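Below: the structure, in structure tokens.
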Amino acid sequence: MRVQIAICTWNRARLLDRTLDAMRHLDVPPEVSLELLLVDNNCSDDTQEVIRHYADMFDIRSLSESKQGHSHARNRAIEAADGDLLLWTDDDVLVDEAWLAGYVAAARSQPEMAFWGGPIIPRFDQRRPRWLKENWKICKSCFAARDLGDRPVEFDRSVLPYGANFGVRTAVQAQFRFDPRLGRQGSLVLGDDEIDVLRRLLEKGHRGCWLPDAKVQHLIPPERTTESFVGEYYFGQGKREAMQNWRNAGSKWRLRWEGWTHRWLYRVKRPYASSKVWLTHLVRSSLARGKLQGLQAARLRRQKRHSGES
């Protein structure tokens, strides 16, 4: 079996170094050849130096993608993939030693399955702020935490793996590209590009399964344990929701009112109210403002389509 691990990176040389260092300890099963597909998405830091450092330790194919955006970079990896199994992870992840072996075993023993995904455990570089601990249920998705239990379960539209830890049979993945309108774009936290792809796989009759033992840790630097990062995440979620389902996003006037009102309430209540109260206002404000921008993007897209048809 030929397995390829795809990692798309943008100016995270320090984190990428930790990711590749962890991969040196992977348990590679017998009769498995492993290749890393590293996609440089316009990096201006020491990314290429890090890649060269590990060139003698792995079979690495260094790729480049000039179009900015995670989805563009992922599609570049799909173009280059020519193995049997394509595993996706990120440039800020530490894979478990048994991670690769878990996917290989599943691909060999479950021919009826087309994709798999495993647990993502956030690993904070410093102590979490108190407000983050108190509101972990609200905030855990901001850090890609994913745990569906210790037993294999079959995926459906509402239960899917996250982008830092999933794998797809290469022949299937080749038929499903990532939507460039979704996914992280520079500093914009606009996710769910992999959720969109996996739902399309399900719609076409492909099946997927949870791998509880294929674990990774997601590295969380201090600059992400901030209120502004949580706000950026929910802004991106709101924008993505409106772009995909603009008819149910609400009116622009209501969204403007919600965005402004809850932003004001967050600022007023932040000094004295409980964290659950002011964080709820921050989330609601961010979602509303993101939806407003998503509506604007969807309207422009429809206008361009109509002008092209005319």
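Here are the numbers:
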quantity: GNM result for the chain, Cα springs below 10 Å: residue of Met113, Met57, Met23 fluctuating most strongly; calculated: Met57
quantity: Angle in degrees between helix 227-244 and the longest Cα principal axis of the chain, rounded to the nearest 10; calculated: 90
quantity: Å² per residue, accessible surface of the range 169-268 at 1.4 Å; calculated: 49
quantity: Peptides ranked, highest mean first, by Cβ atoms within 10 Å: ranges 282-291, 168-177; calculated: 282-291, 168-177
quantity: Top positive-direction residue, dipole computed over the chain with Cβ charges, set Ala114, Gly250, Phe58; calculated: Gly250
quantity: GluC sites (Glu not before Pro) restricted to the range 32-132 and DSSP loop, no more than 15 other C-beta within 10 Å; calculated: Glu97, Glu112
quantity: For the range 89-106, 3J(HN,Hα) per residue [Karplus equation, 6.51 cos²θ - 1.76 cosθ + 1.60, θ = phi - 60°, Hz, x = Gly/Pro]; calculated: 8, 10, 7, 9, 10, 10, 7, 6, 4, 8, 4, 4, 4, x, 5, 4, 4, 5
quantity: FRET efficiency estimate (nearest 0.05) - Cβ-Cβ, Ser274 to Ser251, R0 35 angstrom; calculated: 0.65
quantity: 5 angstrom amide H check on Ala114, placed H, neighbours 5+ away; calculated: Arg207, Gly208
quantity: Cα-centre dipole for the chain with unit charges at Cβ (Lys and Arg positive, Asp and Glu negative), debye to 20; calculated: 2360
quantity: Choice from Asp45, Asp192, Asp91 showing the highest fluctuation, given a GNM over the chain with Cα pairs closer than 10 Å; calculated: Asp45
quantity: Helix 193-203 vs. the chain, principal-axis angle (Cα, 0 to 90°, nearest 10); calculated: 70
quantity: Dipole of the chain, positive direction: furthest Cα of Val283, Tyr272, Leu219, with charges on the beta-carbon; calculated: Tyr272
quantity: Dipole moment magnitude, nearest 20 debye, the range 40-103 about Cα centre, only Lys, Arg, Asp, Glu C-beta charged; calculated: 300
quantity: Dipole of the range 142-241 [Lys/Arg +1, Asp/Glu -1 at C-beta], most positive-end residue of Trp210, Pro161, Ala171; calculated: Ala171
quantity: Cross-link pairs Lys137/Lys239; Lys239/Lys304; Lys133/Lys239; Lys215/Lys269; Lys252/Lys276 - those with Cα-Cα distance over 30 Å; calculated: Lys215/Lys269
quantity: Accessible area of the chain belonging to carbon and sulfur atoms, whole % at 1.4 Å probe; calculated: 48
quantity: Ranked by how many other beta carbons lie within 10 Å on average, peptides 193-202, 233-242 from highest; calculated: 233-242, 193-202
quantity: Segment Leu202-Trp264, extension gain: residue separation times 0.36 nm, minus the distance between their alpha carbons; calculated: 18.2 nm
quantity: Accessible area per residue, Å², the range 55-111 with all protein chains present, probe 1.4 Å; calculated: 40
quantity: Rounded to 5, percent antiparallel among DSSP beta bridges of the chain; calculated: 35
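The values are calculated or read from the model by the stated rules, or taken from the named source; none is laboratory data. Fair warning: this is a prediction, and the values are worked out from it, not measured in the lab. Glycine gets a Cβ as well: all are built from the backbone with ideal geometry, and neighbour counts include every protein chain shown. These area figures cover heavy atoms from the full protein model, side chains too; ligands, DNA and RNA do not enter into them. Shrake-Rupley method; radii C 1.70, N 1.55, O 1.52, S 1.80 Å.
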